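Taking it in order: structure first as structure tokens, then the write-up.
The values are calculated or read from the model by the stated rules, or taken from the named source; none is laboratory data. All figures in this text were calculated on a predicted structure; none of them were measured in a lab. Cβ atoms come from the backbone with ideal geometry, glycine included; neighbour counts cover every protein chain shown.
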Ligand SMILES: Cc1cc2nc3c(=O)[nH]c(=O)nc-3n(C[C@H](O)[C@H](O)[C@H](O)COP(=O)(O)OP(=O)(O)OC[C@H]3O[C@@H](n4cnc5c(N)ncnc54)[C@H](O)[C@@H]3O)c2cc1C
Ligand SMILES: [Zn+2]
């Protein structure tokens with residue numbers, strides 16, 4: 001498997017680390033982090049996964065350029081559909 | 001017909017013409033008391049214990065492919081109860097006790113072989129960690145023995161004891177661990193359940209749930225609608241896909257785990273040996289092939305086929321532990337899709353959806369769990385109560401922070 005890093009081009013899998021599902025943004029909460037709603041939101045964020053068979057947005061890290069990426073990959077064929085640099089809003 | 005010494009003798013004289021099919025090719029009925037989705041080891045064991053221990057025989061096991069085509073027929077067959085945490089040890093020890101009586105219980109030779117499991121350690125820190133695990137096991141009545149380097153050498157003289165980076169310093173021996181024939185286990189459970197009237201329906205994929213007022217009251221399948229008072233799902237690596245049809249998101253990722261088998265050689269590896277400085281384990285099948293494996297492929301996968309980087313890592317570990325393996329040819333490799341839970345431990349519980357119970361999260365240790373998983377899930381389906389040996393395997397433990405994380409690596413399924 002190869003991934004095309006937006007900065008470095010097409011590179012071998014060995015250079016990357018995968019973090020996992022990038023489909024849920026970190027809950028943005030102000031105020032009571034201990035409320036039932038906040039607990040539920042964080043439990044969901046940390047532990048629940050869609051885990052689909054098909055296209056899946058994932059966080060991958062490219063070591064050589066020190067960049068977090070969002071990779072859309074098909075979990076059945078490992079075909080990579082899209083790669084972009086992760087933005088502030090979706091930082092893991 | 002039943003298996004016995006007399007039956008073997010009779011068939012030997014009879015040209016082996018009297019053997020019958022192990023289970024009927026059942027067609028689905030419109031309704032059952034219990035429908036179990038997934039005809040792997042866990043689904044079939046559940047059906048067997050429902051019928052034999054709880055007297056519930058109006059049961060169907062629905063399997064989308066064929067019996068033994070999932071992880072049940074793809075694993076490396078290791079059974080053991082050498083766990084560390086309170087939530088796990090009683091469950092896996094119950095499983096070991098059930099393995100010890102399994103063949104009499106189901107009248108089938110599952111080739112359960114308690115040939116021992118030896119975990120090697122390579123540093124003082126690792127020795128202390130293994131001693132702690134051995135003590136935890138002993139406190140729960142599980143056999144555990146610390147071996148020093150010479151005692152390990154006496155059992156497995158062919159290891160690279162003086163490896164410059166990973167010298168073998170000793171090991172934790174679990175004598176009652178070993179292997180069982182994976183196909184034999186599923187065939188045996190299927191046959192035993194069938195003989196008590198359970199319908200085993202192959203080529204029957206569950207495509208959705210029948211809902212009434214929010215509750216699950218049956219399943220939609222490729223062979224029609226089937227109603228049920230209770231539905232239990234035991235679909236291993238497909239858990240998230242099936243749960244999504246009931247609008248549930250699980251604490252689960254699906255990953256492929258690979259295994260490898262070499263050409264057959266003369267008897268060499270007596271028990272199961274695991275490397276402590278990387279992820280690698282090896283045993284020898286009764287046919288003579290060396291069977292081994294290592295880590296998951298790190299990214300989620302439903303491909304049922306693994307990549308070469310993991311194979312490379314497995315091969316490196318193999319040679320660091322047992323240099324003589326470099327001369328061996330690999331015959332086959334394959335993969336299975338694991339239900340990796342977010343803390344590395346299983347779930348046997350109700351779901352938030354009425355009428356639907358879940359059995360999942362077996363990671364890559366679910367073969368050894370097959371008997372206890374079946375018994376505990378049958379208990380839940382029959383009584384609506386959690387079995388005492390599986391009382392920690394709740395779905396809400398993630399929300400409560402009550403994780404059962406044997407490895408202590410947190411919510412990173414690819415590291416469990
Ligand atoms: C390479 C490898 C090595 C392993 N080694 C070991 C080991 O040494 N020791 C150990 O303890 N464990 C091991 N495991 C893990 C073990 O095999 C699994 O945890 C266990 O088999 C899972 O339970 P099961 O047998 O019920 O799963 P499966 O056999 O996968 O059963 C699930 C079944 O559900 C069916 N299904 C899925 N979706 C549907 C649907 N919608 N409708 C109907 N049916 C459906 C599937 O076709 C499948 O047959 C290993 C696994 C692999 C892949
Ligand atoms: Zn890059």
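For segment A:61-79, how many residues meet the condition of being touching a strand residue (DSSP E or B) at 6+ places or on another chain (Cβ under 8 Å) and more than 11 Å from chain B (Cβ to nearest Cβ)?
10
Quick one: in segment A:1-26, of everything that is within 14 Å of another protein chain (Cβ to nearest Cβ) and outside any strand (DSSP E or B), which residue is nearest to ligand 2 (Cβ to nearest atom)?
Looking at the filtered set, the residue picked out is A:15.
Quick one: would you say residue B:135 is without any contact (Cβ under 8 Å) to a residue 40 or more places away in the chain and loosely packed, with under 15 Cβ neighbours inside 10 Å?
yes
Any chance segment A:21-40 includes a residue that's over 15 Å from residue B:299 (Cα atoms), away from ligand 1 (no atom under 16 Å from the Cβ) and at pLDDT 95 or above?
Checked against the condition, which is being over 15 Å from residue B:299 (Cα atoms), away from ligand 1 (no atom under 16 Å from the Cβ) and at pLDDT 95 or above, segment A:21-40 yields no hits at all.
Taking residue A:56 as the residue in question, decide whether it is away from every other protein chain (no Cβ under 12 Å), under 18 Å from residue B:298 (Cβ atoms) and touching a strand residue (DSSP E or B) at 6+ places or on another chain (Cβ under 8 Å).
Judged against the criteria, residue A:56 is not a match.
Residue A:71 - would you say it is within 16 Å of ligand 2 (Cβ to nearest atom), under 27 Å from residue B:243 (Cβ atoms) and surrounded by 12 or more Cβ atoms within 10 Å (Cβ to Cβ)?
Criteria met by residue A:71.
Among (1) more than 14 Å from chain A (Cβ to nearest Cβ); (2) crowded, with 22+ Cβ neighbours inside 10 Å; (3) closer than 30 Å to residue B:241 by Cα, which single condition is residue B:279 missing?
(2)
Specify the residue that is surrounded by the fewest Cβ atoms within 10 Å (Cβ to Cβ); the eligible residues are those in segment B:397-409 that are free of Cβ contacts under 8 Å to residues at least 12 places away in the same chain and part of a loop (DSSP other than H, G, I, E, B). Break it down stepwise before answering.
Looking only at segment B:397-409, we keep the residues that are free of Cβ contacts under 8 Å to residues at least 12 places away in the same chain, and these are B:399-402, B:408.
Within this subset, residues satisfying the condition of being part of a loop (DSSP other than H, G, I, E, B) are B:401-402, B:408.
Working: B:401: 8, B:402: 12, B:408: 12.
Top of the filtered list is B:401.
For segment B:239-250, how many residues are more than 8 Å from chain A (Cβ to nearest Cβ) and in contact with a strand residue (DSSP E or B) (Cβ under 7 Å, 6 or more places away or on another chain)?
5
Looking at segment B:296-312, is at least one residue under 30 Å from residue A:44 (Cα atoms), more than 13 Å from chain A (Cβ to nearest Cβ) and touching a helix residue (DSSP H, G or I) at 6+ places or on another chain (Cβ under 7 Å)?
no
Residues checked against (1) within 23 Å of residue B:283 (Cα to Cα); (2) more than 18 Å from the chain's Cα centre (by Cα); (3) assigned to a loop (DSSP other than H, G, I, E, B):
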| residue | (1), (2), (3) |
| --- | --- |
| B:72 | yes, no, no |
| B:75 | yes, no, yes |
| B:91 | no, no, no |
| B:99 | yes, no, no |
| B:118 | yes, yes, no |
| B:130 | yes, yes, no |
